[in-house]
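Chemist: Quick one: this structure, given as structure tokens, is what I'll be asking you about.
The values are calculated or read from the model by the stated rules, or taken from the named source; none is laboratory data. Quantities reported herein were computed from a predicted structural model and do not represent experimental measurements. When we count neighbours, we look across all protein chains shown, and the Cβ atoms used for this are built from the backbone with ideal geometry, even at glycine. Note: areas computed on protein heavy atoms with side chains; ligands, DNA, RNA excluded. Shrake-Rupley method; radii C 1.70, N 1.55, O 1.52, S 1.80 Å.
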Amino acid sequence: MQFEMKHVTTMIGNEKIINDVSFHVSKGEMLALVGHNGAGKSTLLKTTMNMIGKYSGEIIIDGKYHIDKHLLTYKKHISYLPEEPLLLPELTVMQHFQLYGISYAIDEEDLKSRLNEYVENFDLAGKLNMYPEELSKGMRQKVQAICAFLPDVKVLLIDEPFIGLDIYAREYIVSLMQEKMRAGTSIILSTHQLDVLNKLANRYIVLDS
């Protein structure tokens, strides 16, 4: 399996937010996380990114990269689009893209080609030298989306990607997800847009707090 979560429990303080969760995602497959607000969908994604440490269990990419044993290699094979943009205030939009290019060792020509396409389709051409505080939330979300889609990774985590975006940006993100899946990326997606889930998701898991 390209991604496996085995009996993972995540605690915040003394409260179990994720309790003994297990699932797998195959190559080129989308798994949708379903559940009401507070069910732990975002916490599960943050646990998968190691932004929140798990209490117990295993998380493995490609059958060999364990989050505990091979964290640096594990992180090279995973990308994350959070619900709220996590941009650095001291970096311009273009510097964020360059940072991701360096972090994921993206070939310079590939980076340039992808950026040309993404920037045009997200209508960010005039924003590249601006800082996050100068951008609207929708624009910041577009920047974060580009960062997430830039690298070719085995696993892509997406948390409520459509909040604050116009319809054209939403449709473009859907097309990018489809493109990634065709290339073999496994996607774990949390969204309340049921039409998107019905159109793209291969399977669902329901989180119940």
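Chemist: Where both residues lie in the chain, what percent of DSSP beta bridges are antiparallel, nearest 5?
Modeler: Details: 14 of 31 bridges.
So the antiparallel bridges amount to about 45 percent of the total.
Chemist: At q = 0.18, 0.26 Å⁻¹, work out log10 I(q)/I(0) for region 1-45 with the Debye formula, treating every Cα as an identical point scatterer and leaving solvent out; two decimals please.
Modeler: So the normalised log intensities work out to -0.59, -1.03.
Chemist: Where the centroid of each part is defined by its Cα atoms, how far is region 135-189 from region 53-87 in Å?
Modeler: If you average the Cα positions of each part, the centres end up 18 Å apart.
Chemist: In the chain, if the dipole is taken from +1 on Lys/Arg beta carbons and -1 on Asp/Glu beta carbons about the Cα centre, which of L81, Q178, H24 is farthest to the positive end?
Modeler: H24
Chemist: Continuing with this model, one more query. Rolling a 1.4 Å sphere over the protein heavy atoms, what is the accessible area per residue of the chain, to the nearest Å²?
Modeler: Values: 10440 Å² over 209 residues.
Ligands and nucleic acids excluded, the result is 50 Å² per residue.
Chemist: In terms of the Cα gyration tensor, with a ≥ b ≥ c the square roots of its eigenvalues, is region 79-174 rounded because a/c is under 1.5, prolate because a/b exceeds b/c, or oblate?
Modeler: Numbers: a/c = 1.35, a/b = 1.13, b/c = 1.19.
Rounded.
Chemist: Below 8 Å between Cα atoms, with a sequence gap of 6+, how large is the relative contact order for region 41-95 in percent? Mind dumping the intermediate values first?
Modeler: Working: 24 pairs, mean separation 11.6, N = 55.
Relative contact order for region 41-95 comes out at 21 percent.
Chemist: Taking +1 at the Cβ of each Lys and Arg and -1 at the Cβ of each Asp and Glu, which of V196, N121, L99 sits farthest along the dipole of region 83-209 towards its positive end, judged by Cα position relative to the Cα centre?
Modeler: Positive-end residue among those listed: V196.
Chemist: Students often check this: by mean Cβ neighbours within 10 Å, which of 52-58, 96-102 ranks highest, and how do the rest follow? Don't jump to the answer; show the numbers that get you there.
Modeler: Values: 52-58: 15.6, 96-102: 17.3.
Top of the packing list down: 96-102, 52-58.
Chemist: Using a 1.4 angstrom probe and counting only protein chains, how large is the accessible area of R140 in Å², to 10?
Modeler: Taking all protein chains as shown, R140 has close to 70 Å².
Chemist: Per q in 0.19 1/Å, what log10 I(q)/I(0) does a Debye calculation on the alpha-carbon atoms of region 137-209 return?
Modeler: For region 137-209 at q = 0.19 Å⁻¹, log10 I(q)/I(0) is -0.80.
Chemist: In debye, nearest 20, what is the charge dipole magnitude of region 20-69 about its Cα centre with +1 on Lys and Arg Cβ and -1 on Asp and Glu Cβ, if you could check?
Modeler: So the magnitude is around 120 debye.
Chemist: Would you please give the FRET efficiency between F23 and I163, computed as 1/(1 + (r/R0)^6) with r the Cβ-Cβ distance and R0 = 25 Å, to the nearest 0.05?
Modeler: Numbers: r = 24 Å, r/R0 = 0.98.
The formula returns an efficiency of 0.55 here.
Chemist: What is the spread of the Cα atoms of region 29-151 along each of their three principal axes, largest first, in whole Å?
Modeler: Here the Cα extents, ordered largest to smallest, are 45, 35, 29 Å.
Chemist: Once the Cα atoms of the chain are picked out, what are the Rg and Dmax in Å?
Modeler: Rg then Dmax for the chain, in Å: 16.7, 48.
Chemist: With the contact rule set at Cα under 8 Å and sequence spacing of 6 or more, what percent relative contact order holds for region 1-98? Display every interim value, and only then the final one.
Modeler: Numbers: 126 pairs, mean separation 27.7, N = 98.
The normalised contact order for region 1-98 reaches 28 percent.
Chemist: Here's a follow-up. Suppose every K and R has +1 on its Cβ and every D and E has -1 on its Cβ; what is the size of the dipole of the chain about the Cα centre, in Debye to the nearest 20? Can you show the working numbers first?
Modeler: On the way: 22 positive and 27 negative charges, 106 e Å.
Once rounded to the nearest 20, the dipole reads 500 debye.
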